[in-house]
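> Below you'll find the structure I mean.
Since every read-out is calculated from the coordinates, none of them should be taken as a lab result. Predicted model only: the values in this text are computed from it and were never measured. No Cβ is skipped: glycine too gets one built from the backbone with ideal geometry, and neighbour counts run over all protein chains shown.
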Amino acid sequence: MLKEQCPILQFADLGDERGKLVVIEGGSSIPFDIRRVFYIYGSDDTVVRGCHANRESEFVLINVAGESKVRIKDGAEEIVVELNKPMMGVYLPRMIWKEMYDFSPDSVLLVLASTHYDSEEYIRDFEVYLSEINAGGSRKE
Ligand code: TYD
């Protein structure tokens with residue numbers, strides 16, 4: 001089940017009268033050690049980003065400001081997760097297809113990754129993704 005493979009993560013909100021503070025610790029609040037952080041902003045509701053799967057990387061996606069959606073596929077099932085709170089994220093394991101879209105103008109989508117960037121581990125063709133999944137894939141739990 002995709003919802004079980006890609007759980008929604010809730011982070012502790014340590015806010016007080018001075019404002020909000022959300023803490024994310026690699027290996028505890030998220031199930032991997034963080035090797036890379038990037039963020040996407042300046043996208044809007046006309047673009048679709050992502051459209052790839054990763055043979056090695058695991059990710060957590062968090063909209064630290066604004067909102068976006070991520071469509072998640074595994075070749076059999078499809079779900080949409082709405083990212084609209086700074087204290088929630090979605091975990092994406094290896095070999096999951098993702099498409100991010102419907103960005104609000106103020107969207108800042110923070111991505112935590114388990115690996116350093118390597119373009120070779122990206123699958124950017126959905127047919128190739130399906131064939132790798134159907135061949136037993138390199139899906140590692
Ligand atoms: P891309 O994977 O197309 O972004 P998205 O998944 O949001 O659609 O990445 C855009 C460009 O940035 C592409 O040339 C690869 C480069 N890039 C890096 O160099 N390092 C990274 O960690 C990431 C995520 C992308």
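> Which value in deg cm²/dmol, rounded to the nearest 500, describes the helix-derived mean residue ellipticity at 222 nm for the chain, given -39,500 (n - 2.57) per DSSP H run of n ≥ 4 and division by the residue count? It would help to have the intermediate numbers written out before the result.
Details: 2 runs with 13 residues, N = 141.
Per the formula, -2000 deg cm²/dmol.
> For a quick check of your reading of the filter: which trypsin sites (Lys or Arg not before Pro) in segment 1-91 sit in a DSSP loop and have no more than 10 other Cβ atoms within 10 Å? Let's see the in-between values first.
Values: sites: Lys3, Arg18, Lys20, Arg35, Arg36, Arg49, Arg55, Lys69, Arg71, Lys73; in loops: Arg18, Lys20, Arg35, Arg55.
Sparse-neighbourhood loop trypsin sites (Lys or Arg not before Pro): Arg18, Lys20.
> A further question follows. Rounded to the nearest 0.05, what FRET efficiency do Ile8 and Phe126 give with R0 = 22 Å and r taken as the Cβ-Cβ distance? Could you check? Intermediate values should be presented prior to the final figure.
Details: r = 24 Å, r/R0 = 1.11.
My answer for the efficiency is 0.35.
> Something else about it: In whole angstrom, how far apart do the alpha carbon centroids of segment 4-31 and segment 99-117 sit?
Result: 16 Å between the Cα centres.
> Please state, as a whole number in µm²/s, the translational diffusion coefficient that the Stokes-Einstein equation yields for the chain at 10 °C and 1.306 mPa s, with Rh defined as the Kirkwood radius across alpha carbon pairs.
Values: Rh = 15.5 Å.
Using the Kirkwood radius from Cα pairs, D works out to 102 µm²/s.
> Additional query: Taking the DSSP beta bridges in the chain as the whole, what percent of them are antiparallel, to the nearest 5? Mind showing how you got there, number by number?
Details: 37 of 38 bridges.
Roughly 95 percent of the beta bridges in the chain run antiparallel, per DSSP.
> Here's a follow-up. If the convex hull of the alpha-carbon atoms of segment 20-84 is projected onto planes in all directions, what is the mean projected area in square nanometres? Please list the in-between numbers first.
Details: hull surface 23.1 nm².
Taking the Cα atoms of segment 20-84, their convex hull projects to 5.8 nm² on average.
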